[in-house]
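What follows is one structure encoded as structure tokens, with my remarks underneath.
Values quoted throughout were computed directly from the atomic coordinates according to the rules given, and no laboratory measurement underlies them. The structure presented is a predicted model; accordingly, all values stated were derived computationally and were not measured. With ideal geometry, Cβ positions are generated from the backbone for all residues, glycine too; neighbour counts draw on all protein chains shown.
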Amino acid sequence: MTKVAVLHTSMVFVSVDPVITDLIDEILPEAEVAHFIDSDVLHTVVQEGSVSPSSASRLVHLAQAAEAAGADIILSACSSLGPGADAAAATVAVPIVKIDAAMAEAAARQGERIGVLATVPTTLGPTAALIREKAAELGQDVDVETRLADGAFDLLTAGDRAKHDELIREAALDLADRVDVIVLAQASMWRMTEGLAEATGKPVLSSPRLGVRDLADRLAAAEPAS
């Protein structure tokens, strides 16, 4: 049985919204899922304003624990800790998939003017950088504009989904006129994908389904030919 490890930097996808687990159950129904959680590191990154070497090392430790537990593949579920996932990938033999990598590539394929909408300020930089990286790999030139729905993530963790959604919708409408496609940088925003596409008239991308599908594709590619 394939063992999938999911690295979490908050409790959102464990206690608030189990979308990642649900998608793995749907797309990889035979997989065993193990969760590795540092529930405070995202808070630290937000306080510090960036991913410090200390914070990156905490994700490295999670990845090493997942490898020691026998994981066949690791899904890093936090976009803000993208640099930490890169650092972790250099220390373990197990492949690490960033939940937002496939989304970033899809955005680069769909438009030249890409809007990045986040609910955590420290996600804007890593997500924009990842989109530019994927665009460069594709030979595409892109302009990336970022927008923060300030305070929305705190509202979500406090259980106020209605106000969380309202702030995101306002930010998306403000961004829509200047971009070809909108990227929802936080996986926790996934529920709003269709509604925001309808409200803005623009393609809207979110990471959970694309990320888990990327995970499944990586596993399939690694399987020996029969």
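Amide hydrogen proximity for CYS78: with H placed 1.01 Å from N in the peptide plane, the residues at 5 or more positions away or on another chain lying under 5 Å are ILE99. Electrostatic bookkeeping for ASP86 treats Lys and Arg as +1 and Asp and Glu as -1; over the other residues with beta carbon under 13 Å from its beta carbon, the sum is -1. Quick check: the distance between the Cα centres of region 39-78 and region 155-215, to the nearest angstrom? Distance between centres, Cα-based: 24 Å. Phi angles of region 96-104 translate, via the Karplus equation with coefficients 6.51, -1.76, 1.60 and θ = phi - 60°, into HN-Hα couplings of 10, 10, 7, 4, 9, 5, 5, 5, 4 Hz per residue; Gly and Pro are given as x.
Other residues whose C-beta falls under 12 angstrom from the C-beta of VAL142 contribute a net charge of -4, scoring Lys and Arg +1 and Asp and Glu -1. Coupling constants for region 137-149 follow from the phi torsions by the Karplus curve (6.51 cos²θ - 1.76 cosθ + 1.60, θ = phi - 60°), and in residue order they are 4, 8, x, 9, 9, 10, 10, 10, 10, 10, 8, 10, 8 Hz; glycine and proline get x.
Taking the chain as the region of interest, the number of lysine pairs whose Cα atoms are within less than 23 Å, with members eight or more places apart or on different chains, is 4.
Hey, what number do you get for the chain at 222 nm if only DSSP H runs of n ≥ 4 count, each worth -39500 (n - 2.57), divided across all residues, to the nearest 500?
Here the helix-only value at 222 nm equals -15500 deg cm²/dmol.
Among GLY82, GLY201, GLY111, the largest mean-square fluctuation in a Gaussian network model of the chain (Cα springs under 10 Å) belongs to GLY201. Comparing ILE182, ILE24, ILE74 in a Gaussian network model of the chain (Cα springs below 10 Å), the most mobile by mean-square fluctuation is ILE24. Each Lys or Arg adds one and each Asp or Glu subtracts one; over the other residues with Cβ under 14 Å from the Cβ of LYS202, this totals -3. Scalar couplings 3J(HN,Hα) for region 106-123, obtained by applying the Karplus form with A = 6.51, B = -1.76, C = 1.60 to θ = phi - 60°, are 4, 5, 5, 7, 9, x, 8, 10, 10, x, 10, 10, 10, 10, 10, x, 6, 7 Hz; x denotes Gly and Pro. Close amide-amide hydrogen proximity is noted between LYS3 and GLU32, ASP72, ILE73, each under 5 Å apart and 5 or more residues distant or on a separate chain (H modeled in the peptide plane; Pro and chain starts excluded).
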